[in-house]
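Chemist: The structure under discussion is supplied below as structure tokens; questions concerning it will follow.
The values are calculated or read from the model by the stated rules, or taken from the named source; none is laboratory data. What you see is a predicted model, and the numbers here were worked out from it, not measured in a lab. Virtual Cβ from ideal backbone geometry, glycine too; neighbours counted across all protein chains shown. Just so you know, the surface numbers come from the protein's heavy atoms only, side chains and all, with ligands and any DNA or RNA stripped out. Shrake-Rupley method; radii C 1.70, N 1.55, O 1.52, S 1.80 Å.
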Amino acid sequence: MTARYGVIGWPIAHSRSPLIHNYWLEAAGLDGVYEAVAVPPDTDFRAKLEDLRAQGFAGVNVTIPHKEAAFAAVDTHDAAAARLGAVNTICLAEETISGHNTDGRGFIDSLAQVHDTTAKSASGGLAGPALVLGAGGAARAIIGALLGAGVGDIRVTNRTRARAESLVALADTPDRISVFDWAAREDAAQGATLLVNTTSLGMHGAPALEMGLDALAASAIVADIVYVPLETDLLARARAAGFTPVDGLGMLVHQAAHAFDLWFGQRPRFDTILRERLHRDLGEA
Ligand code: ATR
């Protein structure tokens, strides 16, 4: 029987995960299919997972707004999920439903892709300081991963300062994270080797991120997790100023690669064909 996989979210119609996973399934010659599963908020998530398992699903990804509900619904968690209280990948085995979080590792891998190809960013941006803009779920995952990667000076700023402060609680070593006022974000960028935008600013239909980049280290990587549009105003300005831009497809595809690895025991690559397909799908071919 063809194994079923999918992504659960609401709304979910525009998810690019089916494109990514079905490309890898086909390339690896595996007998599986990956589909988008629309699940409204306030659904009994455990019952939904059991229902999907009964329908032949062996694994699912979880996206907005269900990552916390997924955490509560699974039997076991990996360390990243436990740290974040959020699950983005689930294995639906017969005995156990296990929850994982691959978002942070996916982000680090998106930097490594640049690090492999750009001598200038030899540290892959991880020498620090690193400045993270925003304090939502994506920021939590990225800060957790930066802590895990050993970055010693992580700065975080968010329009609502209290949310940024709550992220400090994530760290076993809170002295490695400092919180800045949103209005002071350019000061916070002083000497940073990595700037990450996790806010919705710059997304299609949202205002652009207003922030000068002059204070960044000359070798800095500027990453945006927004991928509609693929080249945000922030990334265009970063590129023009000679920094290394990393677009939002990096984290999306690499978190997916880690999920695929959990299900199939092999880590697929973000190759040129996949990148071209995603660009075409996003209307940016
Ligand atoms: P996610 O969980 O996907 O990261 P989220 O929780 O909706 O998303 O977070 C969106 C981020 O964009 C938040 O950091 C939000 O700031 P607040 O915590 O103050 O809401 C930020 N954001 C959204 N609109 C913004 C704006 N106009 N100016 C500055 N920050 C904004």
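Chemist: Which residues, taken from the stretch 34-75, are part of a helix (DSSP H, G or I) and in contact with a Pro (Cβ under 9 Å, 6 or more places away or on another chain)?
Modeler: Across the stretch 34-75, the qualifying residue is only Ala69.
Chemist: Anything in the stretch 181-197 that is within 15 Å of the ligand (Cβ to nearest atom) and open to solvent by 60 Å² or more (accessible area, probe 1.4 Å)? List them, or say none. Lay out the reasoning, then the answer.
Modeler: Within the stretch 181-197, the subset within 15 Å of the ligand (Cβ to nearest atom) is 181-186, 188, 195-197.
Once the filter is applied, which keeps residues that are within 15 Å of the ligand (Cβ to nearest atom) and open to solvent by 60 Å² or more (accessible area, probe 1.4 Å), the stretch 181-197 yields Asp181, Ala183, Glu186.
Chemist: In addition: Residues that are modelled with pLDDT of 95 or more, within 12 Å of Met211 (Cβ to Cβ) and assigned to a loop (DSSP other than H, G, I, E, B): does the stretch 145-158 have at least one?
Modeler: no
Chemist: Of these, Ser123, Ser166, Ser178, Ser98, which one is modelled with pLDDT under 95, more than 12 Å from the ligand (Cβ to nearest atom) and hydroxyl-bearing (Ser, Thr, Tyr)?
Modeler: On inspection, the qualifying residue turns out to be Ser123.
Chemist: When you go through Asp247, Asp214, Asp233 one by one, which is the residue that is within 30 Å of Leu25 (Cβ to Cβ) and not small (Gly, Ala, Ser)?
Modeler: Asp247
Chemist: Let me ask another. For the stretch 227-246, which residues satisfy the criterion of being buried (at least 23 other Cβ atoms within 10 Å of the Cβ) and over 15 Å from Leu194 (Cα atoms)?
Modeler: Result: Thr232, single match.
Chemist: Could you please find all residues in the stretch 6-41 being open to solvent by 30 Å² or more (accessible area, probe 1.4 Å), over 21 Å from Ala69 (Cβ atoms) and within 16 Å of the chain's Cα centre (by Cα)?
Modeler: If the condition is that a residue be open to solvent by 30 Å² or more (accessible area, probe 1.4 Å), over 21 Å from Ala69 (Cβ atoms) and within 16 Å of the chain's Cα centre (by Cα), then Arg16 is the only one that fits.
Chemist: Here's a follow-up. Give me a count of the residues in the stretch 130-159 that are away from the ligand (no atom under 16 Å from the Cβ) and of a type in the set (Val, Ile, Thr).
Modeler: Final tally of qualifying residues: 1.
Chemist: I've got another one for you. One residue is enough: does the stretch 61-77 have a residue meeting the conditions open to solvent by less than 50 Å² (accessible area, probe 1.4 Å), touching a Lys or Arg at 6+ places or on another chain (Cβ under 8 Å) and either closer than 20 Å to His258 by Cβ or in the same structural domain as Ile143 (by TED's automatic domain parsing) (or both)?
Modeler: no
Chemist: Please go through the stretch 209-224 and pick out each residue that is within 22 Å of Phe107 (Cβ to Cβ) and either within 16 Å of the ligand (Cβ to nearest atom) or within 22 Å of the chain's Cα centre (by Cα) (or both).
Modeler: Residues satisfying the conditions are Leu209, Met211, Ala220, Ile221, Val222, Ala223, Asp224.
Chemist: What's the number of the condition Thr160 fails, among (1) β-branched (Val, Ile, Thr); (2) within 20 Å of Ala81 (Cβ to Cβ); (3) surrounded by fewer than 22 Cβ atoms within 10 Å (Cβ to Cβ)?
Modeler: Here Thr160 meets the rest and fails (2).
Chemist: Hand me the list of helices (runs of 4 or more DSSP H) wholly inside the stretch 216-285 holding 1 or more residues that are in contact (Cβ under 8 Å) with a residue 40 or more places away in the chain and in contact with a helix residue (DSSP H, G or I) (Cβ under 6 Å, 6 or more places away or on another chain).
Modeler: Working: elements: 233-240, 249-264, 272-281.
So the answer is 249-264, 272-281.
Chemist: Return the total of residues in the stretch 247-257 being open to solvent by 10 Å² or more (accessible area, probe 1.4 Å) and closer than 19 Å to Leu216 by Cβ.
Modeler: The total comes to 1.
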